[in-house]
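What follows is one structure encoded as structure tokens, with my remarks underneath.
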Amino acid sequence: MNKLALNELDVKGKRVLMRVDFNVPVKAGVVGDDTRIVAALPSIQHVLDQGGSLVLMSHCGRPKGEKNMEFTLKPAVDRLAELVDANVTLAPDVIGDEVHSLVEALQPGEILVLENVRFYKEEEGKGCTEEEQETFAKTLASYGDVYVSDAFGTAHRAHASMAVITKYMDTCAAGFLLEKEIAYLGKVLEAPAQPFVAIIGGAKISGKIDVIVNLMDKCQTILIGGGMAYTFYAAQGLQIGDSLLEADKVELAREILHQAKEKGVNLLLPVDHIVADAFSAEAQTKEIEGEIEAGWMALDIGPKTAALYSEAVATAKTVVWNGPMGCFEMAPFANGTNSVCAAVAASDSVSIIGGGDSVAAVKAAGVADQMSHVSTGGGASLEFMEGKQLPGIVALTDA
Ligand code: AMP
């Protein structure tokens, strides 16, 4: 198998089978945030411009291997049709005679989108035999002359349309979005411009531990925010009141603090906090420094921490941000996250935003276009940052 870049493929007159990630939020039949569809457009448009036709595959939501039309790709297809100047058809299914006929009838410049590939349990490979998954992948492979993957958001899944299908295609290529994600995230891991500052937040240490450990060898400063900060506090014997605590991770937090010291990494914890007397937007709040007394929980970093973190970001050449600084979904606890947002947007660094919540925060603050790269993959970017090999990328190189 040849692993190519999309612009190395000759797609004129060919049927290009492309895995995209149209797993977008849908409300009342309408796409809420079309970022992932827009992100796939350069690859889609390139194939059309070069005289190829497209069979697009994607999943959406969790239909759990059943044809549940609650998870139809129709809203995504409707949005795609508004964004491209081409004939776009949604197939009634993923496999079967009718789909086969639609594929055969496809003309250059046209797009056929298969229904949600997760309507079949073979896609995820759960509750079916390996042989059944192979047969499913082989059927999908029969729809195209060449295969292109542009689904970075799903690249951490070893699913049929991502990781099995490539065995049955002679020519596979990475789409422009996949290439871009790999280029940005890969550079961070291989040769980040220094000073490199990582901002890690969110609810729990357990979700980000591998990222912290992996980045510790590459960056100078790690800024910790969000609920996870309080397990680090507890590890130092500090009072945290009713703040979030992962009791079984206290030892791990202590070990990370120790490692950071050994490696000369500047690992910063919040010096002040917005504390509340309940986990609620209506709770009583106050600003405090240092330890947190009983009856109060820290739900955001305080202004001194926000200023300290912003200062660290201001001189950075590379910034990676994953996870909010507080419960930013509730207005009284959004300031810390918003301050970090503004600081990253204002810095001259190569800024990479990964993870669903940080991306949502950056978009809500209206500064997404001031970031160098806003990843389309939450779980995928996290696993990439952990230094893991993503099956959807590996499959493009291993035949
Ligand atoms: P994660 O999925 O681990 O990135 O966590 C994101 C979630 O962490 C968001 O829903 C935030 O509301 C939540 N979060 C952030 N800071 C805190 C905090 N100090 N206490 C509790 N939850 C928090």
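Step through the residues of segment 14-24 one at a time and calculate ³J(HN,Hα) from phi using the Karplus curve (6.51 cos²θ - 1.76 cosθ + 1.60, θ = phi - 60°), rounding each to whole Hz and writing x for Gly and Pro.
9, 8, 9, 8, 10, 8, 10, 10, 9, 7, 10
Give the share of C-alpha pairs in each 5 angstrom bin for segment 2-124, from 0 to the last occupied bin, in whole percents, shortest bins first.
2, 11, 22, 24, 20, 14, 6, 1, 0
Compute, for residue 327, the solvent-accessible surface of its heavy atoms (probe 1.4 Å) with the complete set of protein chains present, and express it in square angstrom to the nearest 10.
Rounded to the nearest 10, the figure is 30 Å².
Mind ranking 142, 351 by accessible surface for me, highest first, 1.4 Å probe?
Solvent-accessible surface, decreasing: 142, 351.
In the chain, what percent of the accessible surface is made up of carbon and sulfur (1.4 Å probe, ligands and nucleic acids excluded)?
49
For the chain, what is the mean residue ellipticity at 222 nm derived from helices alone (per DSSP H run of n ≥ 4: -39500 (n - 2.57); sum divided by total residues; nearest 500 deg cm²/dmol)?
Rounded to the nearest 500, the figure is -10500 deg cm²/dmol.
Quick one: longest stretch of the chain between exposed loop GluC sites (Glu not before Pro), exposed meaning at most 14 other C-beta atoms within 10 Å and loop per DSSP?
Here the longest segment lacking exposed loop sites spans 67-281.
Name the residue farthest towards the positive end of the dipole of the chain from the options 6, 330, 44, assuming +1 on Cβ of Lys and Arg, -1 on Cβ of Asp and Glu, about the Cα centre.
Most positive-ward Cα: 6.
Report the antiparallel proportion of the DSSP beta bridges in segment 192-385 as a percent, rounded to a multiple of 5.
30
For the chain, what proportion of DSSP beta bridges, expressed in % and rounded to the nearest 5, is antiparallel?
Just about 20 percent of them are antiparallel.
Starting from the amide H of residue 199, placed 1.01 Å from N in the peptide plane, find each other amide H under 5 Å away whose residue is 5 or more places distant or on another chain.
Excluding prolines and chain starts, which carry no amide H, the hits are 223, 320, 321, 322.
With the contact rule set at Cα under 8 Å and sequence spacing of 6 or more, what percent relative contact order holds for the chain?
With pairs under 8 Å counted, the relative contact order is 16 percent.
What's the angle, to the nearest 10 degrees (0 to 90), between helix 130-141's Cα axis and the longest principal axis of the chain?
70
Would you please give the FRET efficiency between residue 271 and residue 189, computed as 1/(1 + (r/R0)^6) with r the Cβ-Cβ distance and R0 = 30 Å, to the nearest 0.05?
0.50
Among 67/126; 14/138; 208/261; 263/304; 218/388, which pairs are too far apart, with a Cα-Cα distance over 23 Å?
Check vs 23 Å cut-off fails for 263/304.
Compare 245, 112, 269 by solvent-accessible area with a 1.4 Å probe and give them largest first, with all protein chains kept in place.
The most accessible residue leads, giving 245, 269, 112.
Kindly state, to the nearest 0.05, the FRET efficiency for residue 142 paired with residue 291, given R0 = 56 Å and r defined as their beta-carbon distance.
Step by step, r from the Cβ atoms, then E = 0.30.
So what are the ³J(HN,Hα) numbers for segment 64-69, from phi and the Karplus equation (6.51, -1.76, 1.60; θ = phi - 60°), rounded to whole Hz, Gly and Pro as x?
Per residue, the Karplus-derived 3J(HN,Hα) values read 6, x, 10, 7, 9, 5 Hz.
Stretched out fully, how many nm does the piece from residue 254 to residue 388 gain, at 0.36 nm a residue minus the Cα gap?
45.8 nm
Could you compute how much accessible surface residue 280 exposes when probed at 1.4 Å, giving the result in Å² to the nearest 10?
40
Check which residues have an amide H placed less than 5 Å from residue 146's amide H, if you skip close sequence neighbours.
Hits under the 5 Å cutoff: 15, 17.
Roughly speaking, what is the stretch gain from residue 4 to residue 38, that is 0.36 nm per residue apart minus the C-alpha to C-alpha distance, in nm to one decimal?
Net length gain for the segment: 10.0 nm.
Each residue of segment 152-158 in order: what ³J(HN,Hα) in whole Hz does its phi give by Karplus 6.51 cos²θ - 1.76 cosθ + 1.60, θ = phi - 60°, with x for Gly and Pro?
My calculation for segment 152-158 gives 4, x, 10, 5, 8, 10, 8 Hz in order.
Amide H neighbours of residue 219 under 5 Å, at least 5 residues apart or on other chains, H built in the peptide plane: list them.
Counting only residues 5 or more places away or on other chains, the set is empty.
Compute the semi-axes of the equivalent ellipsoid of the chain, taking the square root of 5 times each eigenvalue of the Cα gyration tensor, and list them largest first in whole Å.
42, 21, 19
If I histogram all Cα-Cα distances within segment 192-385 using bins 10 Å wide from 0, what percent of pairs lands in each bin?
In whole percents, the pair-distance histogram is 10, 40, 38, 12, 0.
Could you give the nm distance between label points at residue 89 and residue 304, where each point is 7 Å from its Cα heading toward the beta carbon?
In this crude spin-label approximation the distance works out to 6.7 nm.
If you place +1 on the Cβ of every Lys and Arg, -1 on the Cβ of every Asp and Glu, and leave all else neutral, what size is the dipole of the chain about its Cα centre, to the nearest 20 Debye?
It comes to approximately 460 debye.
What is the magnitude of the charge dipole of segment 6-178 about its Cα centre, with +1 placed on the Cβ of each Lys and Arg, -1 on the Cβ of each Asp and Glu, and no other charges, expressed in debye to the nearest 20?
Around 400 debye, computed over segment 6-178.
Please state the charge dipole magnitude for segment 1-60, taken about the Cα centre, from unit charges on C-beta atoms (+1 on K and R, -1 on D and E), reported in debye and rounded to the nearest 20.
Dipole of segment 1-60, to the nearest 20 debye: 200 debye.
Using protein chains only and a probe of 1.4 angstrom, how many square angstrom of residue 73 are accessible, to the nearest 10?
Counting only protein heavy atoms, the figure is 0 Å².
The values are calculated or read from the model by the stated rules, or taken from the named source; none is laboratory data. Since we're looking at a predicted model, the values are computed, not measured. Here Cβ is always computed from backbone atoms with ideal geometry, including for glycine, and neighbour counts include all displayed protein chains. Ligands, DNA and RNA are excluded from the accessible area calculation, which covers all protein heavy atoms including side chains. Shrake-Rupley method; radii C 1.70, N 1.55, O 1.52, S 1.80 Å.
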